[in-house]
Amino acid sequence: MMRQCHVATFLVSQIVAELNPAYPGCMDRNVVLRNAGAHAIFVDVSPYGSTGCWESDCTNSDKFHSRDPGVCARACLLIEECTHWSFGPQDDRTSCFLRKSNAGWEAADGFVSATKACAPPDLPNAWLAFSTAYMDALTACDAGVSPDCPDMARALTTWRFAIAALQRATRGILEPDAYKYIQQVADDTEAFVRQMSHENFPVIAANNRMVFDTLQGWLRQQPKGQASPDDFSLPAPLHGKLCGPSSCFE
């Protein structure tokens, strides 16, 4: 009787897996979800792309250029308003389109579309924050701009990415009196981005590093993810590189 139950459970799990395949098998191929003036969401997509946005404004757009559908899937997963996404060619490049329904369904060669749930494996926020903050390319910038850290803008984009991941990892877990220090370095870094100077860059980096060093032990103990060099849906820091000037997925 026990063996029969195990067999039945196995068959059910196989059927569920076939009906709900994992990414990328969950994507609908040669399908696009059009806006049709009703189905797009206009949100800040600048963390995921810096070109190909609506009226060239990536802080209020339903689309952005991307080279991998996994980036589109990750964006939709983290953007609350997004329920569906499409990825395919536009203007000689590939773009991501974020939607609030699948009502704009059309057949279209070269496109893939999916629901919010269809995405690559999640990236644990604590692991993402730790991996970004302590990679060699960013620690080389702790002393400021130098031959080992020639691009301050890219370093700051990377710090912003690490801090945002740290905020997601600790929100609701740290006591408010402790979390306020994370919020403070987030605010200070954002303010510095608007008026950068080589002279004050090491100060910003040192303050950020101090917060991460304080939480380093806790971050090390949190669940870890996996980073494959062949996974182009991953942000640049998980490939050991600084982010781009505006986005970590470009």
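Just so it is clear, none of the values below were taken in a lab; they were calculated from the coordinates. This structure is a prediction, so every number in the text was calculated from the model and none was measured. Reconstructed Cβ throughout: ideal geometry from the backbone, glycine too, with neighbour counts over all protein chains shown.
Once you sort the root eigenvalues of the Cα gyration tensor of the stretch 20-157 as a ≥ b ≥ c, which label holds: rounded (a/c under 1.5), prolate (a/b larger than b/c) or oblate (the other case)? Can you show the working numbers first?
Values: a/c = 2.42, a/b = 1.80, b/c = 1.35.
Prolate.
Run the numbers on the chain and let me know its relative contact order in percent, using alpha-carbon pairs under 8 Å that are six or more apart.
Details: 419 pairs, mean separation 54.7, N = 250.
Rounded, it is 22 percent for the chain.
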Open item on the list: Given bins 5 angstrom wide, list per bin the percent of all Cα-Cα distances in the chain, short to long.
Closed with: 1, 6, 12, 15, 16, 14, 12, 9, 7, 4, 2, 1, 0, 0, 0
Task: Pairwise label distance in nanometres, residue 175 with residue 103, each label 7 Å out on the Cα-Cβ vector - done: 4.9
- [ ] Return one quarter of the surface area of the convex hull spanned by the alpha-carbon atoms of the stretch 105-250, equal to its mean projected area, in nm².
- [x] 11.0
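Just to confirm the filter: which GluC sites (Glu not before Pro) across the stretch 69-113 are DSSP coil and have at most 16 other Cβ within 10 angstrom of their Cβ? Could the numbers behind the result be given before it?
On the way: sites: 80, 81, 106; in loops: 80, 81.
For GluC sites (Glu not before Pro) across the stretch 69-113 that sit outside H, G, I, E and B with at most 16 neighbouring Cβ atoms in 10 Å, the list reads 80, 81.
Considering only Cα-Cα distances, which of the following residue pairs are longer than 27 Å: 100/241; 100/180; 63/241; 116/180?
Numbers: 100/241 33 Å; 100/180 33 Å; 63/241 25 Å; 116/180 31 Å.
Over 27 Å apart, Cα to Cα: 100/241; 100/180; 116/180.
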Task: Distance (nanometres) between label positions extended 7 Å along Cα→Cβ at residue 142 and residue 199 - done: 2.5
- [ ] Would you mind pulling out the separation of the Cα centroids of the stretch 130-191 and the stretch 213-228, in Å?
- [x] 14
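What 222 nm value per residue comes from the helices of the chain, counting each DSSP H run with n ≥ 4 as -39,500 (n - 2.57) and dividing by all residues, nearest 500 deg cm²/dmol?
Taking each H run of at least 4 residues, the total per residue is -13000 deg cm²/dmol.
In the P(r) worked out for the stretch 84-154, what percent of Cα pairs fall beyond 16 Å? Could you put the intermediate results ahead of the total?
On the way: 1668 of 2485 pairs.
Here the long-distance tail beyond 16 Å is 67 percent of all Cα pairs in the stretch 84-154.
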